1. Would you check if S305 is open to solvent by 10 Å² or more (accessible area, probe 1.4 Å), over 24 Å from F353 (Cβ atoms) and under 23 Å from the mean Cα position of the chain (by Cα)?
2. When both residues are 6+ apart or on different chains and their Cβ atoms are under 6 Å apart, which pairs have a first residue that lies in the stretch 9-28 and is open to solvent by less than 50 Å² (accessible area, probe 1.4 Å), and a second that is among the basic types (K, R) and modelled with pLDDT of 65 or more?
3. Please work out if L5 is open to solvent by 40 Å² or more (accessible area, probe 1.4 Å), more than 24 Å from T304 (Cβ to Cβ) and touching a residue at least 60 places away in the same chain (Cβ under 8 Å).
4. Could you count how many residues in the stretch 92-109 are of a type outside the set (D, E, K, R), open to solvent by 20 Å² or more (accessible area, probe 1.4 Å) and either farther than 19 Å from Y181 by Cα or in a strand (DSSP E or B) (or both)?
5. Could you grab me the full set of residues in the stretch 308-325 that are open to solvent by 10 Å² or more (accessible area, probe 1.4 Å), closer than 30 Å to I52 by Cα and outside any strand (DSSP E or B)?
6. Which numbered condition trips up G223, out of (1) at pLDDT below 95; (2) more than 22 Å from T339 (Cβ to Cβ)?
7. Only one of (1) open to solvent by 50 Å² or more (accessible area, probe 1.4 Å); (2) at pLDDT 90 or above is not met by V288, so which one is it?
8. Can you tell me which residue is most open to solvent (accessible area, probe 1.4 Å) among those in the stretch 272-285 that are among the small types (G, A, S) and outside any loop (DSSP other than H, G, I, E, B)?
Amino acid sequence: MTLTLIRNPALLMPIGLHPATIGANANQQFNAAGDKLAIIFHCPSTDVPDQITFEVAAVTTAGTAGNIEATLETVAADGTPSGTPVTNSATGSAAISTTGVKTIPGMDGTATVAEGDLVALVLTAGAGWDRDLTIKYRGGAVGAGLSIPYYATKDTAGSWVKASAHNVGLPFGVAKADGTYLHIPGLHGCFTTNITQTAYADASNPDEMGNQFIPDVPCALVGALAFLALGTNRDYSLSLYSSHLATPSQLATRAFDGDHDGGTNLLRYLRFAAPVNLTAGTTYAITVKARGTSNITLHQWDFTSNAELDGFVTKDFFWTQRDGGAGAPANPGNNFANTNTRVAGVFPILKKFDDGAAAGGGLVRHGGMSGGLTG
């Protein structure tokens, strides 16, 4: 087994994230029977979508009658839901009258799908509907997003209106009948928070934040893509640790001067001085520490369950933070603490992978892998 250099770095992050800005959420109102909201996507495998998780953002009238129905439909020639169920699929339903994250199961029936099939997952206000509520279908600004998956809305008295995805993906989780969330590029799970988190500085507690992650195969890390906003005196550092929950061992670090960054966009491509070899199955943390007197901020996504993170990257990729001590990013006395329902905007960049020879393993199978960055 050897680590083999790939032509261009690969990025361990959800496909379709481009949050130059955050922007406002958008909701579809369900106030009459026949109101609809759909997401249209390619099936990632032969696993049949059975459950959808979404957020009810507001309830104006709780009502007493009518269910939200969830169906899996084929897609018409114009790209809208056809109204025809996928063969042998079923209808899930739930009486919903409160805000918060909701899951409706029961769509798979005995249906089969092929990898790459285009399907529409449709939510409908069912017969007798006397409620008035809104469902979030966009968790940030439109712009620089994916063209597929996309969403479509329909008022009972109108026609389908299609729109593309946006710069942080669509806030829906899609799962199999056993509750395992499918990794569908552009559908990033039902994140309830999508913000630039509370600003932090060198003297604050915490002053270092990022994500833990576990490589599936031996590989080499060259740095990270950070979704990072900077203050006036905006120095910071990128660090990689092992044993971050016990006695953190700093494997690499590099300081950055914010004055060398061009513009105010959130995306920053950060590299260490040399690649660091990573061991399969070992837990690492990659973090950004504030070094200056002014605040910096990372992008933050929050979910209601760790299971949903399989739709984002994987369930073992989530937030970690600590007080590293002023001026001491490698302070071994201060351990990290994890939050396994939150993700920070710090995504590893990998350049070498196990070639699969001997006992080394095989192909990379991490759900959040994307590529295309130039070396």
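The values are calculated or read from the model by the stated rules, or taken from the named source; none is laboratory data. If you're wondering where the values come from, they're calculated on a predicted model, not measured in any experiment. Note: ideal-geometry Cβ built from the backbone for every residue, glycine included; neighbour counts use all protein chains shown. Note: areas computed on protein heavy atoms with side chains; ligands, DNA, RNA excluded. Shrake-Rupley method; radii C 1.70, N 1.55, O 1.52, S 1.80 Å.
1. Judged against the criteria, S305 is a match.
2. Pairs found: P9/K351; A26/R138.
3. yes
4. Number of matching residues: 9.
5. Scanning the stretch 308-325 gives D310, T314, K315, D316.
6. If we test G223 against (1) at pLDDT below 95; (2) more than 22 Å from T339 (Cβ to Cβ), just (1) comes out false.
7. Only one criterion is unmet by V288, namely (1).
8. If we take residues in the stretch 272-285 being among the small types (G, A, S) and outside any loop (DSSP other than H, G, I, E, B), then A273 is most open to solvent (accessible area, probe 1.4 Å).
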